[in-house]
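Comments concern the structure below.
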Amino acid sequence: MNKLLLKEIKEQPKVIDSFLVKQEKYVEKICSKLKDQFDYIVIAARGTSDNAARYAQYLLGSENSIQVALATPSLFTIYKTPPIFKKALVVGISQSGQSPDIVSVLGTAKKQKRPTISITNDTNSPLANVSDYVINLDIGVEKAVAATKTYTASLAALALFSCHLSGDKERLDALKDLPVKMLQTLDNTMKNITQTNRYRYMDHCVVIGRGFNYSTAFEISLKIKELTRVIAVPYSSADFKHGPIATVNKGFPIIVAAPSGMIFDHILDFSKNLISLGAELLVISDNESLLRLGKTSFTLPKGIPEWISPITAVIPGQVFARQLAIEKGLDSDNPEGLKKVTETY
């Protein structure tokens, strides 16, 4: 009890390093074959994988000038009114590759003669079988119910795809250096994780991220909900200003994930405003000016480019959610009501 999840969280630097070594040439080959074969990308995913897709929207939009849309699987399985994927590359992201609605999206794309890629940890899954190309996460069996290493591996797969699509060696080198930064992040987080005891009786919170780390807010929120039963709601800082900020009062717990980057100054000003309204901040950042604003803070290593920062920024959130579950007397390895493989239609 409460051992599997931590083991898999700690495996992330090693499995990401292994993934990059094993899959680089294959991803490069995919990118070479698909060059000039599509104008935009549609991604089908659910749950944690959907948060990886949110990362892809910022990553491929910013670094590759490619518009990324999220599929609406119910149009395929329930309404039976699938859209036309004209000039699209269709990607499915699923750790298990089992969910029928995700498989249906790629199956429809294939019937429309559009190229398809699956990103999965099971190369014998229905999703893999219906795809033209399969990027194998190959991170070993993930035994804890809450996904951790399959999430960061999915982000790494998308980042590797982005680098080879653009042919940017400098970005590729930065990606290959990331496992060391992930290990540093884990070490920093474990040193401060006892601070989690403060939130033992928390029953609600907000998680804030913007830009590349909009996906981080969603993933940390999901982990907290899955593991602790806390109602954790993710927001972009911009969206939070449009109404929800009225809910902030004295002691209101807000997690802010904000590594250095183009969006940082905005998040810093926003965080100061939250404190003026009485919020208590839990901060994940590499910048001292923001870390000082946190009642609880988790320090990220410096020098991580913003475009890959979500792969490290999510780690303190994973560890925090797991520790909070333990503080609340819950089994973080097997949350009640959840299954490892979820099939939706």
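Please report the equivalent ellipsoid semi-axes of region 227-284, computed as sqrt(5 x eigenvalue) of the Cα gyration tensor, largest first, in whole Å.
Details: eigenvalues 64, 41, 27 Å².
Ellipsoid semi-axes (Å, largest first): 18, 14, 12.
Could you state the number of Å between the C-alpha centres of region 123-141 and region 286-327?
Their Cα centres are 31 Å away from one another.
Just to make sure I understand: if all protein chains stay in place, what is the order of H266, H242 by accessible area at 1.4 Å, largest first?
Values: H266 50, H242 155 Å².
The ranking, largest first, comes out as H242, H266.
If contacts are Cα pairs under 8 angstrom and at least 6 residues apart, what is the relative contact order of region 115-184 in percent?
On the way: 58 pairs, mean separation 15.3, N = 70.
This gives 22 percent for region 115-184.
Of L34, L281, L290, which has the largest mean-square fluctuation in a 10 Å C-alpha GNM of the chain?
So, out of L34, L281, L290, the one fluctuating most is L34.
How high is the relative contact order of the chain, in percent, counting Cα pairs under 8 Å that sit 6 or more residues apart? List each step's numbers first, then the result.
On the way: 670 pairs, mean separation 69.9, N = 345.
After rounding, I find 20 percent.
First measure r as the distance between the Cβ atoms of S276 and D203, then evaluate 1/(1 + (r/R0)^6) with R0 = 22 Å and state the FRET efficiency to the nearest 0.05. Can you show the working numbers first?
Details: r = 24 Å, r/R0 = 1.09.
Once the sixth-power term is evaluated, E becomes 0.35.
In percent, what relative contact order does region 171-248 have, based on Cα pairs under 8 Å that are 6 or more apart in sequence?
Relative contact order of region 171-248: 25 percent.
Can you tell me the length gained on complete extension of the stretch R46 to K302, counting 0.36 nm per residue apart and subtracting the Cα distance? Walk me through the intermediate numbers first.
Values: separation 256, 0.36 × 256 = 92.16 nm, distance 3.17 nm.
Gain in length upon complete extension: 89.0 nm.
If you look at just the Cα atoms of region 125-277, how large are its Rg and its Dmax in Å?
18.1, 54
Select from A174, A157, A279 the residue whose mean-square fluctuation is largest in a Gaussian network model of the chain (Cα-Cα springs shorter than 10 Å).
A174
Using only the heavy atoms of the protein chains and a 1.4 Å probe, how would M202, M190, M262, M182 rank by accessible area, largest first? Please list the in-between numbers first.
Values: M202 20, M190 65, M262 180, M182 0 Å².
Highest to lowest solvent-accessible surface, that is M262, M190, M202, M182.
Measuring with a 1.4 Å probe in the full set of protein chains, what accessible area per residue, in whole Å², belongs to the chain?
Numbers: 14530 Å² over 345 residues.
Solvent-accessible surface per residue comes out at 42 Å².
Sort out for me the Cα centre separation of region 225-261 from region 3-22, rounded to whole Å.
28
Kindly provide the Kirkwood hydrodynamic radius of the chain in Å, to one decimal, from all pairs of distinct alpha carbon atoms. Before the final figure, lay out the partial values.
Details: mean 1/r = 0.0493 Å⁻¹.
The Cα-based Kirkwood calculation yields 20.3 Å.
If a/c stays under 1.5 just call it rounded; otherwise compare a/b with b/c (prolate if a/b is bigger, oblate if not). Do that for region 1-60, with a ≥ b ≥ c from the square roots of the Cα gyration tensor eigenvalues.
Working: a/c = 3.60, a/b = 1.58, b/c = 2.28.
Because a/c hits 1.5 or more and a/b fails to exceed b/c, region 1-60 counts as oblate.
Where is the GNM fluctuation largest for the chain (alpha-carbon springs, 10 angstrom cutoff): I93, I78, I255?
I78
Rounded to the nearest 500 deg cm²/dmol, what is the calculated helix-only ellipticity per residue at 222 nm for the chain, with -39500 (n - 2.57) per DSSP H run of length n ≥ 4?
Details: 14 runs with 163 residues, N = 345.
Computed ellipticity for the chain at 222 nm equals -14500 deg cm²/dmol.
Carbon-plus-sulfur fraction of the accessible area of region 1-143, 1.4 Å probe, in percent?
Numbers: 3330 of 6660 Å².
With neighbouring chains kept in place, the figure for region 1-143 is 50 percent.
Please identify every one of the trypsin sites (Lys or Arg not before Pro) in region 27-88 that sits in a loop by DSSP and has no more than 12 other beta carbons within 10 Å of its own beta carbon.
Numbers: sites: K29, K33, K35, R46, R54, K80, K86, K87; in loops: K35, R46, K80, K86, K87.
Loop-located and lightly packed - K35, K80, K86, K87.
Report, by chain and number, residues whose modeled amide H sits under 5 Å from the one on A69, excluding near sequence neighbours (fewer than 5 apart, same chain).
Hits under the 5 Å cutoff: I41, V42, I43.
With a 1.4 Å probe and every protein chain left in place, tell me how much accessible area E8 has, in Å² to the nearest 10.
For E8, solvent-accessible area is about 10 Å².
At q = 0.20, 0.27, 0.30, 0.35 Å⁻¹, what is the log10 ratio I(q)/I(0) for region 133-175, with the Debye formula run over Cα points and no solvent?
With one equal scatterer per Cα and no solvent, log10 I(q)/I(0) is -0.68, -0.94, -1.04, -1.19.
In the neighborhood of N2, defined by Cβ-to-Cβ distances under 9 Å, what is the net charge if each Lys or Arg adds +1 and each Asp or Glu adds -1?
Numbers: positive: K3, R322; negative: D331, D333.
Cβ neighbours under 9 Å give a net charge of 0.
Between D269 and T72, how high is the FRET efficiency from 1/(1 + (r/R0)^6) when r is the Cβ-Cβ distance and R₀ = 30 Å? Nearest 0.05.
Details: r = 35 Å, r/R0 = 1.17.
Efficiency, rounded to the nearest 0.05: 0.30.
Setting aside same-chain residues fewer than 8 positions from K241, which lysines have a Cα under 29 Å from its Cα?
K223, K225, K250, K272, K295, K302
The values are calculated or read from the model by the stated rules, or taken from the named source; none is laboratory data. All values reported here derive from a predicted model rather than from experimental measurement. Reconstructed Cβ throughout: ideal geometry from the backbone, glycine too, with neighbour counts over all protein chains shown. These accessible areas exclude ligands, DNA and RNA; they are computed on the full protein's heavy atoms, side chains included. Shrake-Rupley method; radii C 1.70, N 1.55, O 1.52, S 1.80 Å.
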